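None of the figures in this text is laboratory data; all of them are computed from the coordinates on show. These numbers come from a predicted model, not from an experiment. Note that we place each Cβ from the backbone using ideal geometry, even for glycine, and neighbour counts take in every protein chain shown.
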Amino acid sequence: MIDILNKARDNRDYIIELRRDFHSHPELSLQEFRTTERIEIELEKLGIKHKRVSETGVVGILEGDLKSENEVALRADIDALPILEIKGREYGSKNPGVMHACGHDSHTAMLLGAAKILSEHKSSLKGKVRFLFQPAEEIGTGGKIFVNKKCDTLGKANRILGIHCAPDLRSGTIGIKKGINNASVDHFTIKITGKEAHVCKPEEGVDALYIASQIVVTLQGIVSRMTSPIEPVIIGVGKLEAGTAYNIVAGSAVLEGTTRNVSDENRKKVNNLINDAAKSIAKLYGGDAIVEWEDFASVLVNPETGCDEAIKAVRGVFGNDLKIKTDRDIYLSGDDFCEYQKEIEGVYVYLGTGNPDVPGSENPYHTFDFDIDENALEIGAAIYAGYADWVLNNLD
């Protein structure tokens, strides 16, 4: 029997050092070369076999001494964001304009911590553990890459666990919620073609900027007047570029945005309405609009049985000392962990990393001063390791 909790505590400094190293050297999606190399170095030290999946993904495979056909997978995402971090942190980003502002540095460190715990007790391990270090979660492609290569990644595993830090939960608390946890995420780009003219002769042109502005306003009307007020829907436009000079009717415009939905039915409806609105408005004012879509993530739904299993595993490690929140609100961000859930039983756990005494740890994701309470790292490592051990011993 592995004393996972005390082993996680013993490895506290190791996990924190890893997290700070990853935080200091953030890398954008599909560019996680240094991150991947450090992961491989650590797996080598632990005697864990590993392989590359795509250029910047890594899978470690640990086979216990107690022979069994059982396999379980543990997943961490490893990429960072194009954000300029606040100055003054001793472990702040050394890559200007790139920052771990979503906690992926902590996920990676916790999974390596779990790998260390389990590798040091492989004589007590029954079956095989797959450690998935996945790139490109932030652009919604890494999960698809790993699932498309599932012989190398998931293998014969029939369970997978993911963990994400949560600034809205206090350190010492975790969220395990049955049902919908995260929304679907789609990214749209609307390219508008008009015709340039002098502003004093607007009738001779087609104002792409005006068309774009009308589209932005209309999209909000889709949410308020064409979807149910009791089902969460977001249409957000975060970027609009148009025109060449202050006194020229804009000949072209490009706007980018995202939709968030919690049902496949609404997802299809809303995205089709955006297509129709953009093209109709452009046509009304003499222009043309093309709408391009990228599918970042489906709705993330935790299965009931899987959540019950995860809770049993956590209680086996922590007893009643760790608070489990089962009614955390739906979060309208997305996560491509949903790709694994399409293949096998998967549970996504939210790890509380907020602490009013730790600056930045209660700030929202994707902000320049985001941080975590590092006291939560050993908890996350113990959850990863405890879940793997429980599955291998209980799900023959």
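Shown for the range 184-297: lysine pairs separated by 8 or more places, or found on different chains, whose C-alpha atoms are under 14 Å apart, numbering 4. The relative contact order of the range 147-293 comes to 32 percent, based on Cα pairs under 8 Å that sit 6 or more residues apart. Taking trypsin sites (Lys or Arg not before Pro) across the range 1-97, the ones in a DSSP loop with at most 13 further Cβ atoms lying within 10 angstrom of their Cβ are Lys87, Lys94. Its Cα gyration tensor gives the range 279-396 an equivalent ellipsoid, and the semi-axes of that ellipsoid, as √(5λ) in whole Å with the largest first, are 37, 22, 11.
In terms of its C-alpha gyration tensor, the range 200-251 has a prolate overall shape, because the principal axis ratio a/c (a ≥ b ≥ c, square roots of the eigenvalues) is not below 1.5 and a/b outweighs b/c.
FRET efficiency for Cys200 and Asn375, Cβ-Cβ distance as r, R0 = 56 Å, nearest 0.05? With R0 = 56 Å, the Cβ-Cβ based efficiency is 0.30.
One chain, two ends: Ile290 and Glu37. Fully extended at 0.36 nm per residue, the span grows by 87.0 nm beyond their Cα-Cα distance.
Based on C-alpha pairs under 8 angstrom that are at least 6 apart in sequence, the chain has a relative contact order of 24 percent. In this label model, Ser68 and Lys45 are separated by 2.8 nm, measuring between points 7 Å along each Cα→Cβ vector. Summing +1 for each Lys or Arg and -1 for each Asp or Glu among the other residues whose beta-carbon sits under 10 angstrom from that of Ile190 gives 0.
Distance between the 7 Å Cα→Cβ label points at Glu241 and Thr305: 4.9 nm.
Bridgeable lysines around Lys177 (alpha carbons under 19 Å apart, same-chain partners fewer than 8 residues away excluded): Lys312, Lys323, Lys325, Lys342. Residues Trp293, Trp390, arranged from fewest to most other Cβ atoms within 10 angstrom of their Cβ, appear as Trp293, Trp390.
Values of log10 I(q)/I(0) for the chain across q = 0.11, 0.13 Å⁻¹ run -0.80, -1.04, by the Debye formula with one identical scatterer at each alpha carbon and no solvent.
Pairs of Lys residues in the range 1-88 are counted when their Cα atoms are under 25 angstrom apart and they lie 8 or more places apart or on different chains; the count is 6.
Give me the base-10 log of I(q)/I(0) for the range 59-136 at each q in 0.23 Å⁻¹, Debye formula, one uniform scatterer per Cα, rounded to two decimals. These q points yield log10 I(q)/I(0) values of -0.98. Between Val147, Gln31, Leu255, the Cα set farthest toward the positive side of the dipole of the chain (charges on each charged residue's Cβ, about the Cα centre) is that of Val147. So if I take the centroid of the Cα atoms in the range 140-191 and the same for the range 39-68, what is the distance between those two points in Å? With the range 140-191 and the range 39-68 each reduced to a Cα centre, they are spaced 21 Å.
Using the Cα gyration tensor of the range 1-157, with a ≥ b ≥ c the square roots of its eigenvalues, what is the shape: rounded (a/c below 1.5), prolate (a/b larger than b/c) or oblate (neither)?
oblate
Helix content alone sets the calculated 222 nm mean residue ellipticity of the chain: runs of n ≥ 4 DSSP H residues at -39500 (n - 2.57) each, divided across all residues, give -10500 deg cm²/dmol.
Determine the gain in length on full extension of the stretch Val254-Asp276; use 0.36 nm per residue of separation and subtract their C-alpha separation, reporting nm with one decimal.
Details: separation 22, 0.36 × 22 = 7.92 nm, distance 1.66 nm.
Gain in length upon complete extension: 6.3 nm.
Net length available on complete extension from Thr189 to Lys94 is 31.0 nm, with 0.36 nm assigned per residue and the Cα-Cα distance removed.
Of the GluC sites (Glu not before Pro) found in the range 41-75, those that fall in a DSSP loop while having at most 16 other beta-carbon atoms within 10 Å are Glu55.
The range 352-391 and the range 249-300 have Cα centres separated by 35 Å. Rounded to the nearest 20 debye, the dipole magnitude of the chain is 540 debye, with +1 charges on Lys and Arg beta carbons, -1 on Asp and Glu beta carbons, and the Cα centre as origin. Taking amide H as placed 1.01 Å from N in the peptide plane, Val206 has its amide H under 5 Å from the amide H of Lys195, Glu196, each at least 5 places away in sequence or on another chain. Projecting the Cα atoms of Ile379, Val358, Ile290 onto the dipole axis of the chain, where Lys and Arg carry +1 and Asp and Glu carry -1 at the beta carbon, places Ile379 farthest toward the positive end.
By the count of other C-beta atoms within 10 Å, a proxy for reagent exposure, Met110, Met99 are ordered fewest to most as Met99, Met110. When the Cα convex hull of the range 184-297 is projected onto planes of every orientation, the mean area is 6.8 nm².
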